[in-house]
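The values are calculated or read from the model by the stated rules, or taken from the named source; none is laboratory data. Treat the numbers as computed from the prediction; the structure is a model and nothing was measured. Please note: Cβ atoms are built from the backbone with ideal geometry, for glycine as well, and neighbour counts cover all protein chains shown.
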Amino acid sequence: MNSRGLSLIGLLVTLVCIVMLLSFTLPALRTATTGITPQGTQAPNSAWGAAEMLQLQALGQAILTQNMLGDSMYARPSDVSGTEDRTLDTTANLYSLLIMERFTVPKQVVRKGDRGYVEIDDDYSWAAYSPRNGVYWDPSFVADLDILSNVSYAHMPLTGRRVDDYWRSSFSTDFPLFGSRGPENGIDSLNSVTCLDGGWSGRVVFADGHVDFLSTIGSFNRQWNSRADNLFRIDDERNGADAVLGFSESIDEDGVTLQWD
């Protein structure tokens, strides 16, 4: 009588085939989901990358829409407060204001898979809004990359001539407003959480609303003062006319203190 079934050798061969198949498919699945390649670089297309692009695009379109409704400038904490106190125009206050005014929501400003001290502000208080008491955003919203941040994305510092030129509907195709964080002074570094395998890549939304994936800092080709404009460094300390992305930790009469990664 013939017996049918799996032999031990057949079972082992099957398991080896499954392991080999997984060794090929899991890295591809990881790249397709997170955008991180087996070499540690950032792929332009992935599920997390698509979500990041949509978040930035929505943020850019939101402030563009506000401007189209008749306001000459995009929302700024110093303007909305009625004080014209530019020290209020920090990253924490800016994003908290944008959330309070319904341009975005807390989960939309946190990137999936962010490698820094970043988490969604699940307790954002819209009830804190009280113009009578001079409260126009939730002051408990934080953006400190050394301790904790409720936002992932860098933005154009609200200082200098760049505010008058670009914090409005300029429709510039090469001036960035929001984007992925980067390394200090635009220098690729293994010590930066924004540099995979020592090199930076990310997405940037420009003043005309379009989003680009940049594979290196050097792929940002805007020129300032006849030279390359570094995306993560203030190149025009005096006038603040250059493009730069970062976190404004504080602002005073001497300028802005930035955080990058």
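Some observations on this one:
- Every residue from region 135-149 that is surrounded by 17 or more Cβ atoms within 10 Å (Cβ to Cβ) and of a type in the set (Gly, Ala, Ser): Ala143, Ser149
- Criterion (more than 30 Å from Ala241 (Cα to Cα) and assigned to a loop (DSSP other than H, G, I, E, B)) met by exactly one of Ser152, Ser140: Ser140
- Of the helices (runs of 4 or more DSSP H) that lie entirely inside region 7-113, those containing 3 or more residues that are modelled with pLDDT of 80 or more and within 23 Å of the chain's Cα centre (by Cα) span 47-68, 91-100.
- Qualifying residue in region 96-104 (condition: under 22 Å from Leu177 (Cβ atoms) and without any contact (Cβ under 8 Å) to a residue 12 or more places away in the chain): yes
- Condition check for Asp242: among the acidic types (Asp, Glu) and buried (at least 16 other Cβ atoms within 10 Å of the Cβ): yes
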